[in-house]
Each structure stands twice: as C-alpha cells, then as structure tokens.
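Q: Attaching a single structure in structure tokens format; questions to follow.
The values are calculated or read from the model by the stated rules, or taken from the named source; none is laboratory data. Given the structure is predicted, the values throughout are model-derived calculations rather than measurements. When we count neighbours, we look across all protein chains shown, and the Cβ atoms used for this are built from the backbone with ideal geometry, even at glycine. Ligands, DNA and RNA are excluded from the accessible area calculation, which covers all protein heavy atoms including side chains. Shrake-Rupley method; radii C 1.70, N 1.55, O 1.52, S 1.80 Å.
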Amino acid sequence: MAKGLTPAELDAMTNRELAEKLEEAKKEQFNLRFSAVTHRLEDSARLKEVRREIARIYTIQRERDLNIRTAPTAQK
C-alpha cells in the first residue's frame, strides 16, 4: 500500500476523524473516476487504492458498531 492509510492508522482515529477521512476518500474517488472517463487520469492504480481505503474505513466502522474494536478516547 503505497499512498493509503494502514489499518493501524485508521484504528487510531476517532469516529469523527474516520467519517471525515471517508468523506475525503469518496470525493477523491469521484474525481478520479471523472478523470478516468475524460481520459485525463495519470495514475490508474490510485482508483484501486482509494476503493480499498474506503473499504477499510467501512470495515473499522462496522467493527466498532459490533464492539469488535473500540474507538480511542478523545484526549483534549
């Protein structure tokens, strides 16, 4: 995984940070797909990386819903 986040990095994020990261990844995926359709996409492998990053985020969110993982406490 070259540019994406590791599961350990995602696990260390709070639920709010995960939601923000998911929104960013979905926007990036939209832009990449749009570029691919208009034949302006330079790095086609990035589409696959972003799709997998979104799947990782969904997996961690679901595991937290099922209490398989616990979210870190906000320290402020």
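Q: Ignoring ligands, DNA and RNA, please state the percent of accessible area on the chain from carbon and sulfur, probe 1.4 Å. Intermediate values should be presented prior to the final figure.
A: Details: 2910 of 5840 Å².
The nonpolar share, carbon plus sulfur, comes to 50 percent.
Q: Return the FRET efficiency for the residue pair Arg69, His39: r is the Cβ-Cβ distance, R0 is 30 Å, and the value is rounded to the nearest 0.05. The partial results should precede the final answer.
A: Working: r = 41 Å, r/R0 = 1.35.
For Arg69 and His39, the calculated efficiency is 0.15.
Q: Write down the accessible area per residue of the chain in Å², having rolled a 1.4 Å probe over the full set of protein chains.
A: Numbers: 5840 Å² over 76 residues.
In whole numbers, the chain has 77 Å² accessible per residue.
Q: Here's a follow-up. Across the chain, how many lysine pairs, 8 or more positions apart or on different chains, have C-alpha atoms separated by under 22 Å? Please give the number. Each step should come with its number before you reach the end.
A: Working: Lys3/Lys21; Lys3/Lys26; Lys3/Lys27; Lys3/Lys48; Lys21/Lys48; Lys21/Lys76; Lys26/Lys48; Lys27/Lys48.
Pairs that pass both the separation and distance tests number 8.
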